[in-house]
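Notes for the one structure printed next.
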Amino acid sequence: MTSTEITYAWAINHAMDEEMARDPRVVLFGQDVGRMGGVFGVTRNLFEKHGPERVRDVSIVEHFVVGGAVGAALGGLRPIAEVQFADFLLVAGDESFHKLPKWRYMHGGAFTIPVVIRAPSGIQGGVGAEHSQSPEGHYWHTPGLKIAVPSTPADAKGLLKSAIRDDDPVIFFETRRLYRVKGLVSDDPELLVPFGQASVRREGTDLTVVAWAGMVPEVLAAAEMLAAEGLSIEVIDPRTLVPFDWETVAASVRKTSRLLIVHEAPLTMGPGAEIASRAADELFVELDAPVRRLAGPDVPIPQNMALEQFCFPQVPEIVAAARELIRW
Amino acid sequence: MTANPHAHEHVLLQMLRIREFENRVQSLFSDGLVKGSTHLANGQEAVAVGMAFALHPGDPVLCTYRGHHHTIARGLPLESAFAEILGRATGCCGGKGGSMHLTDKSLALMGSYAIIGSHIPIAVGAAWASTLTHDGAVTCCIFGDGTTTIGSFHEALNLAAVWRLPIVFICENNLYSEYTAIGDVVPIEHPAADRAGAYGLDRIVIDGNDVEAVKEAVSLARERASAGRGPSLIEALTYRHGGHSRADPGDYRPREEVELWLSRDPISKYADRHEVSTQRLEQLGAEARDEVDRALRKALAAPAPAAEALLSNVWSEESS
């Protein structure tokens, strides 16, 4: 099967297009996803191809985008719901923290909820405190939700296809900074990227760095610079946080004896704390240096780009932290 | 409700089963056999029974945390309901949901909830699904007067009307938003019906203690939805005989008001209208009590869930 070089956004579009063609139960809805093709253009052409019944524009109504998806799933559909920004998902707090993850459990397993919520996240430049967050940790703290955090076009497509075919609810975080990044993506409509299987983005022996979504390109750039100094970095992209491929991380740390976690979400109670804690617990004797986290600062994200640039770990910081851990 | 003379007794018996069930649930809580909370529907039986007679099999129903009456009227076996409230493995949710989440998928009871108003978007989503699966079902969504001040109510009603979805909304207006008189917190007399016009819907107010009026209104609304003419919003006036939850005696309500509504009791109202003698009504009551007691005995004898049940039902594949 051939591959084509397409953008991350277009890979997401193809995943939806193929799955909608494959399964008539798959529907897409959200604000401006229809005629307009999505606020970031990710759903372009789907309205024309799959029709207004299956690609639906809604009013400004996040409660319904998430709650209605639960109901549509109860009614036998496999809905993909888009919120324009991951930040807006918090408007539907009850629906995303209670209904989506709990409807199955609190009814004793009577229902399956095959819902995908697509949530564009992360800092993109100048859109401020309510359009820039990376809230994956909130959802990781909520039992009953699967979480995808793709960093490449190929993974975005393959993971979204897996998400759509999954019988459990998935929050699918799309990194807006990556929408225009291109990569080779298989044209095979049956090529899925399974959940719970990390990708080793770069092999190395001196330090393990775990990063996902928009931080993967930054970490890879740092690793490249460190290689010039003779330092060998292993970069692990978990690709999904739930389920989390701990085995791949643990095997890497057994090899490198050092672990750095890099994420965009704020440091305190961020997702890195969970990974660091587990490493301290299970890999204590393997470690030759403290487990370190690099993350966004504990502040709301300012609109001003001169300040915003400090709100996620930058390549020089990653390089410095890596050097320090390797020389510990 | 039909030409069959025994049909009256069947309707009465349904309401009496609910009444007796609720009385037993109250005792179970008072006796400390169940922990947590429960929200009883004594006095509101006619809404549930009228609704159940109007709906078709397979019509999805989403009801509230005060939902024993809706689920029982829809056919939930009493033993299954008791077992759930008692936290037994044989309960309709395996003992994980409790009083506020009674459900039974095989009866198209699609779940109940404990956050006010949060099931309305879910019900609208289910109704949307029917337009794509063409299953011919009409979704029924029941909520209380207090729900009408929550955003979800307005948001979901708006889309249901715009999309002309096959759904019937029933507001059980029991005059109290938990412990607060609804009149104190909304600027209109009818919290649901007076807002219907905002969504292009008819203003429908019915006597929710009149089981026949409920059945008629829901049947008409169902017919309309089924014919592709969109949703209806029915406000059914009724009254809680008790307080909001198990520990609440409802003392904040004026005595005259309580007495007035007790005199409008849906069971005696229906019995009087159909000239069912006091003696016969008592016999039917005893029949209902017996059935309830038998169901309760079985539920009490059922085992609690095994400890490993704690971790099941989070994921569709247990190995996830």
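The values are calculated or read from the model by the stated rules, or taken from the named source; none is laboratory data. Please read these numbers as outputs of a predicted model, since none were measured by experiment. Here Cβ is always computed from backbone atoms with ideal geometry, including for glycine, and neighbour counts include all displayed protein chains. Note: areas computed on protein heavy atoms with side chains; ligands, DNA, RNA excluded. Shrake-Rupley method; radii C 1.70, N 1.55, O 1.52, S 1.80 Å.
Yes/no per residue for (1) open to solvent by less than 10 Å² (accessible area, probe 1.4 Å); (2) not hydrophobic (A, V, I, L, M, F, W, C):
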| site | (1), (2) |
| --- | --- |
| A:Phe29 | yes, no |
| A:Gly34 | yes, yes |
| A:Gly38 | yes, yes |
| A:Arg44 | no, yes |
| A:Arg54 | no, yes |
| A:Val58 | no, no |
| A:Val61 | yes, no |
| A:Gly75 | no, yes |
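The helices (runs of 4 or more DSSP H) found entirely in the stretch B:116-202 that carry 3 or more residues being more than 18 Å from B:Thr238 (Cβ to Cβ) and within 12 Å of chain A (Cβ to nearest Cβ) are B:119-133, B:151-162.
Yes/no per residue for (1) under 27 Å from B:Leu165 (Cβ atoms); (2) part of a helix (DSSP H, G or I); (3) of a type outside the set (S, T, N, Q); (4) within 20 Å of the chain's Cα centre (by Cα):
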residue	(1), (2), (3), (4)
B:Asn209	no, no, no, yes
B:Ile234	yes, no, yes, yes
B:Trp261	no, yes, yes, yes
B:Arg294	no, yes, yes, no
B:Pro303	no, no, yes, no
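Of the residues that make up the stretch A:97-111, is at least one away from chain B (no Cβ under 11 Å), at pLDDT 95 or above, surrounded by 20 or more Cβ atoms within 10 Å (Cβ to Cβ) and within 22 Å of A:Arg25 (Cβ to Cβ)? No, because not a single residue in the stretch A:97-111 is away from chain B (no Cβ under 11 Å), at pLDDT 95 or above, surrounded by 20 or more Cβ atoms within 10 Å (Cβ to Cβ) and within 22 Å of A:Arg25 (Cβ to Cβ).
Please specify each residue of the stretch B:81-115 satisfying the condition of being out of contact with any Leu (no Cβ under 8 Å at 6 or more places or on another chain), polar (S, T, N, Q) and either facing chain A (nearest Cβ under 7 Å) or in contact (Cβ under 8 Å) with a residue 60 or more places away in the chain (or both). Matches in the stretch B:81-115: B:Thr90, B:Ser99. Scanning the stretch A:220-264 for residues that are open to solvent by 40 Å² or more (accessible area, probe 1.4 Å) and part of a strand (DSSP E or B) turns up nothing. Any chance the stretch A:115-132 includes a residue that's buried (at least 24 other Cβ atoms within 10 Å of the Cβ), over 25 Å from A:Arg201 (Cβ atoms), within 14 Å of chain B (Cβ to nearest Cβ) and free of Cβ contacts under 8 Å to residues at least 60 places away in the same chain? For the stretch A:115-132, residues buried (at least 24 other Cβ atoms within 10 Å of the Cβ), over 25 Å from A:Arg201 (Cβ atoms), within 14 Å of chain B (Cβ to nearest Cβ) and free of Cβ contacts under 8 Å to residues at least 60 places away in the same chain: present.
Before we move on, is B:Thr38 more than 13 Å from the chain's Cα centre (by Cα), part of a loop (DSSP other than H, G, I, E, B) and away from chain A (no Cβ under 14 Å)? Yes, satisfied.
Do any strands (runs of 3 or more DSSP E) lying entirely in the stretch A:172-219 carry at least 2 residues that are at pLDDT 95 or above and aliphatic (A, V, I, L, M), and which ones are they? Can you show your working first?
Working: elements: A:182-186, A:199-202, A:207-211.
Strands (runs of 3 or more DSSP E) meeting the threshold: A:182-186, A:207-211.
Quick check on the stretch B:264-271. Is at least one of its residues open to solvent by 40 Å² or more (accessible area, probe 1.4 Å) and in a loop (DSSP other than H, G, I, E, B)? There is at least one residue in the stretch B:264-271 that is open to solvent by 40 Å² or more (accessible area, probe 1.4 Å) and in a loop (DSSP other than H, G, I, E, B).
Can you report the number of residues in the stretch B:287-297 which are closer than 10 Å to B:Leu78 by Cα and either open to solvent by 90 Å² or more (accessible area, probe 1.4 Å) or of a type in the set (Gly, Ala, Ser) (or both)?
Initially, the stretch B:287-297 is screened for residues closer than 10 Å to B:Leu78 by Cα, giving B:291-296.
Filter again for either open to solvent by 90 Å² or more (accessible area, probe 1.4 Å) or of a type in the set (Gly, Ala, Ser) (or both), leaving B:294-295.
Here the count works out to 2.
Quick one: which strands (runs of 3 or more DSSP E) sit completely within the stretch A:1-105 and have at least 3 residues that are more than 19 Å from A:Ala163 (Cβ to Cβ) and over 20 Å from the mean Cα position of the chain (by Cα)? By residue number, A:3-7. Filtering the stretch B:213-244 to residues that are open to solvent by 20 Å² or more (accessible area, probe 1.4 Å) and at pLDDT below 95 leaves B:His241, B:Gly242.
Scanning the stretch A:137-152 for residues that are open to solvent by less than 10 Å² (accessible area, probe 1.4 Å) and either in the same structural domain as A:Val210 (by TED's automatic domain parsing) or not hydroxyl-bearing (Ser, Thr, Tyr) (or both) gives A:Gly144, A:Leu145, A:Ile147, A:Ala148, A:Val149, A:Pro150.
Quick grid of which residues meet (1) touching a Ser or Thr at 6+ places or on another chain (Cβ under 6 Å); (2) basic (Lys, Arg); (3) farther than 21 Å from B:Gly208 by Cβ; (4) in a loop (DSSP other than H, G, I, E, B):
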{"residue": "B:His10", "(1), (2), (3), (4)": "no, no, no, no"}
{"residue": "B:Gly32", "(1), (2), (3), (4)": "no, no, yes, yes"}
{"residue": "B:Ala48", "(1), (2), (3), (4)": "no, no, no, no"}
{"residue": "B:Ala81", "(1), (2), (3), (4)": "no, no, yes, no"}
{"residue": "B:Glu84", "(1), (2), (3), (4)": "no, no, yes, no"}
{"residue": "B:Gly95", "(1), (2), (3), (4)": "no, no, yes, yes"}
{"residue": "B:Ser106", "(1), (2), (3), (4)": "no, no, yes, no"}
